[in-house]
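Here the structure comes first, spelled out in structure tokens, and everything after it is commentary.
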Amino acid sequence: MSSIIQPFNQDLYRKTEWDEPMFRLAQKQFLKAAENMDLDENIRDRLLYPQRSLTVSFPCRRDEYSEVETVFGYRVQHVLTMGPTKGGIRYHQDVNLGEVSALAMWMTWKCALMELPFGGAKGGVQIDPTTLSRSELQRLTRRYTMEIIDMIGPDRDIAAPDMGTDEQVMAWFMDTYSQQVGHAVPEIVTGKPVVLGGSLGRTEATGRGLVCLICEAAKHIGLDLKKSTAVVQGFGNVGSNAARFLAEKGVKIISVSDVSTGLHNAKGLDVNSLLAHVRQHGVLKGYSGADEISNNELLELKCDILAPCAMQNQITSKNAPNLKCRLLAEGANGPTTLEADQVLIDKEVFQLPDILGNAGGVIVSYFEWVQDTQNFTWSLEEINNRLHKIMIGAFQRTLVRSQRDKLDMRTAALIEGIQRVAKAKLMRGLFP
Ligand code: NAD
């Protein structure tokens, strides 16, 4: 007896719970890469959506005891095939399910590109952490941890810092999880303080990794770093460390920015005094010795290296034609739209795409997890050497593929990652 099998919904762009511009961007980048490789169609469809996503709403008590606000939180695991999932936690007022899902998908490709034994995950809470007191931040973190506790675990899903969270938040996260299981579980989270089992070099790892690749890319395009200028958008963990390491390489930092303002000085900015100003005042605003400019003006400054290290969706079809850099080094996740990518390819701007450029963080997070699970610590020298080796290896593989298959660096990097995940999926087979 023959049966006619009706296909399920095969519209790759069908409306889903994850629908949001950033998730669409992640999907479009993935589909562009899929078109340029020999990807099994079933696997393509399977990888287009996260495997698990959790949305929670929970109460957060403000310091005025009678005030309780309801906030939304998320945890998304994109691919569970590669090992435990791994991904940061973002606190920002605009966080939503689609944004967290896009970040989880990029984590999958990033971990696979770096050959780490993780699938991608991400978490977030829709709140502006700068409006919270320290005790409010702690209560929020502990309650969020409890809300997602069934989904996480040192062998299941490991958290880390992202925008709006830091090592203190990771310490509260680890403490809450450990209280629930009855013993210390440092390996539930990475990017925590060294005294709790954090790794040396983790805080600055993303900025360090980005600058390590900028050095490689500079050699490739024939850029003399000692005669180069750089513009860095975002002066938090990633941006401030990238600026610091670039300055150490002899690059002149002519402009930096954060959410409060942009600063420009064609003669060069002193990164150490910028850092001291931010330590004292919290933001860049009020720094003397530079002209104020907007974040939009900053992106269009003439420079050799432009490093977006703040938010997504910064380089679009609108401003991409006005960019005047030779090298775009993406510290942030998703800073460039697909349309802008094409403009930059046409302008022959060399790109270090996010999943390659900012992978230093998850690499040292992996080292932290390995050290925690083995109860053994590595020296900073060993960590930095291993970080360097992994990043350069991924850069070389991406560059070779990009040149051989005549692909832009983003598509080449994505294919490197996707290919590894696809192979693993085929080897594991389908259940049931
Ligand atoms: P952070 O919270 O430490 O710093 C963010 C910085 O961006 C701050 O200086 C903030 O003022 C600035 N900012 C926020 N909104 C801005 C705006 N609209 N315009 C200009 N500046 C703005 O966050 P972070 O950890 O440095 O993360 C920055 C980016 O790097 C994010 O996209 C994040 O996903 C990505 N990233 C971070 C890590 C990590 O290890 N922390 C790893 C990989 C990728």
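A few points about this structure:
- The set of residues from segment 258-289 being surrounded by 15 or more Cβ atoms within 10 Å (Cβ to Cβ) and of a type in the set (S, T, N, Q) comprises Ser260, Thr261, Asn265.
- Where Asp372 falls short, out of the listed (1) at positive phi; (2) assigned to a helix (DSSP H, G or I): (1)
So that you can scan it fast, the table gives a plain yes or no per residue for (1) touching a Lys or Arg at 6+ places or on another chain (Cβ under 6 Å); (2) open to solvent by less than 30 Å² (accessible area, probe 1.4 Å); (3) more than 16 Å from the ligand (Cβ to nearest atom):
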{"residue": "Ile363", "(1), (2), (3)": "no, yes, no"}
{"residue": "Trp369", "(1), (2), (3)": "no, no, no"}
{"residue": "Asn375", "(1), (2), (3)": "no, no, yes"}
{"residue": "Asn384", "(1), (2), (3)": "no, no, no"}
{"residue": "Lys389", "(1), (2), (3)": "no, no, yes"}
{"residue": "Ser402", "(1), (2), (3)": "no, yes, yes"}
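- Candidates Ala112, Ala160, Ala171, Ala102: the one that is touching a residue at least 24 places away in the same chain (Cβ under 8 Å) and assigned to a strand (DSSP E or B) is Ala160.
- Of all residues making up segment 209-257, the number that are outside any helix (DSSP H, G or I), open to solvent by 10 Å² or more (accessible area, probe 1.4 Å), of a type outside the set (A, V, I, L, M, F, W, C) and within 13 Å of the ligand (Cβ to nearest atom): 1
- Hits in segment 128-179 - residues which are in contact with a helix residue (DSSP H, G or I) (Cβ under 7 Å, 6 or more places away or on another chain) and of a type in the set (A, V, I, L, M): Leu132, Leu137, Met146, Ile149, Ile152, Ile158, Ala159, Ala160, Val169, Ala171, Met174
- Across segment 35-92, the number of residues qualifying as of a type in the set (D, E, K, R) and farther than 28 Å from Gly236 by Cα comes to 10.
- Test: residue in segment 189-208 that is at pLDDT 95 or above, more than 16 Å from the ligand (Cβ to nearest atom), assigned to a helix (DSSP H, G or I) and crowded, with 22+ Cβ neighbours inside 10 Å: no
- Taken together, the residues in segment 273-320 that are closer than 20 Å to Val251 by Cα and β-branched (Val, Ile, Thr) amount to 1.
- Any hit, segment 274-294, residues being over 27 Å from Thr190 (Cα atoms), in a loop (DSSP other than H, G, I, E, B) and in contact with a Phe, Trp or Tyr (Cβ under 8 Å, 6 or more places away or on another chain): yes
- Residues (within 14 Å of Lys110 (Cβ to Cβ) and either of a type in the set (S, T, N, Q) or open to solvent by 10 Å² or more (accessible area, probe 1.4 Å) (or both)) located in segment 71-82: Met82
The values are calculated or read from the model by the stated rules, or taken from the named source; none is laboratory data. Because the structure is a prediction, the values reported are computed rather than measured. In this analysis, Cβ positions are derived from the backbone assuming ideal geometry, glycine residues included, and neighbour counts consider all displayed protein chains. SASA here: full protein model, heavy atoms, side chains in, ligands and nucleic acids out. Shrake-Rupley method; radii C 1.70, N 1.55, O 1.52, S 1.80 Å.
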